[in-house]
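Structure, as structure tokens:
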Amino acid sequence: MHIFSTPAEMRAWSDARRATGRRIGFVPTMGALHTGHLALIADAADRTDDVVVSIFVNPLQFNEVGDFNGYPRPIDDDVAACEQAGVAAVFAPTAAAMYPTGFQTRVVPGPLGAVMEGPKRPGHFEGVLTVVVKLFGAVRPHVAVFGQKDYQQLRIITQMAADLEFGIDVVGHPIVRDPDGLAQSSRNVRLTDAERAAAVAVPRSLDAAIAAAGAGDAVADVIGAATSVIDAEDAALLEYVTVFDAITLIEFDDLADVPPMPGIARIATAVWFGDVRLIDNRDLFELSDA
Ligand code: PAF
């Protein structure tokens, strides 16, 4: 497995692979890899010939210094996990390599960035898009796989890749969950044992909301169902829960004209446990596995 630390080295390798007809799959990450990331790598491997994983904790997308400093960085474990997963190359640049002196360009999202996480985390999506464009330029992938846990991020990146004609197939991979339903996230390791136990309230709140939507309840009651599960958990502090159009991300204030079919409406939430902020989302009218 190759390990590259500058965009130029990364691009030279990718260009050489592309020249031989190989298709490059890309999984961008901030490291602290878990089985959710391994599922993205397996998905990319199924679609392409050579998988590249980037590991870069992007300072531009953090709007809180504490969150950036506290973000886990187990680089040796991450490299070993990539090797084990059959990754062809890891791109692990330094911040100085990505943003050398004089770097000044920013990529700004459109209206998709103005809702949900956007106002809560000023500058976050601008930082995400800027680094993703830079990573795409270095890795030059045919296919890039992102997790659906960051659903708004996935929508914004998909829109950007289409708007700017990148010719990159942006794929969303379903959320990977722990057995109790908690969505896998690099931030989960920062939860105390008590907070980790309490965090199951997040997927349960979405279960409750989905049940209410399935019963034909109004949006306020769907949101109320989720809210009461979170409010019943002392360790949890609800930041928001919202029901929205899966494509435009515009909030629904009425479900009367929304067809109860998969792919139309989603529910998302952000919940604090101590200083750890967890997000999750589901299709509001997903097909049950039963
Ligand atoms: O989802 C993430 O891990 C990050 O936002 C990404 C896409 C790697 C950009 O830094």
TODO: Name every residue in the range 158-168 that is farther than 16 Å from residue 114 by Cβ and within 14 Å of the ligand (Cβ to nearest atom), in order of residue number.
DONE: 158, 161, 168
- [ ] State all residues of the range 128-141 that are more than 22 Å from residue 269 (Cβ to Cβ) and either within 12 Å of the ligand (Cβ to nearest atom) or open to solvent by 40 Å² or more (accessible area, probe 1.4 Å) (or both); if no residue qualifies, say none.
- [x] 129, 130, 131, 132, 133, 134, 135, 136, 139, 140
- [ ] Looking at (1) within 13 Å of the ligand (Cβ to nearest atom); (2) buried (at least 18 other Cβ atoms within 10 Å of the Cβ); (3) within 20 Å of residue 67 (Cα to Cα), find the lone condition where residue 146 falls short.
- [x] (3)
Task: For residue 19: the one exception among (1) over 14 Å from residue 139 (Cβ atoms); (2) among the small types (Gly, Ala, Ser); (3) within 17 Å of the chain's Cα centre (by Cα) - done: (3)
TODO: Could you identify the single residue in 114, 80, 44 that is modelled with pLDDT of 95 or more, within 16 Å of the ligand (Cβ to nearest atom) and not aromatic (Phe, Trp, Tyr)?
DONE: 44
Task: residue 225 vs. criteria over 21 Å from residue 194 (Cα atoms), crowded, with 16+ Cβ neighbours inside 10 Å and of a type in the set (A, V, I, L, M, F, W, C) - done: yes
TODO: Identify all residues within the range 152-190 that are in a helix (DSSP H, G or I), open to solvent by less than 30 Å² (accessible area, probe 1.4 Å) and touching a residue at least 40 places away in the same chain (Cβ under 8 Å); write none if there are none.
DONE: 152, 156, 160, 186, 188
- [ ] Sort out for me the strands (runs of 3 or more DSSP E) sitting completely within the range 1-71 that have 1 or more residues that are open to solvent by 50 Å² or more (accessible area, probe 1.4 Å).
- [x] 2-4
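The values are calculated or read from the model by the stated rules, or taken from the named source; none is laboratory data. Since the model is a prediction, treat every value here as computed from it, not as a measurement. A quick note on method: Cβ atoms are made from the backbone with ideal geometry, for glycine too, and the neighbour counts reach across all protein chains shown. Quick note on the areas: whole protein, heavy atoms, side chains included, nothing else; ligands and nucleic acids left out. Shrake-Rupley method; radii C 1.70, N 1.55, O 1.52, S 1.80 Å.
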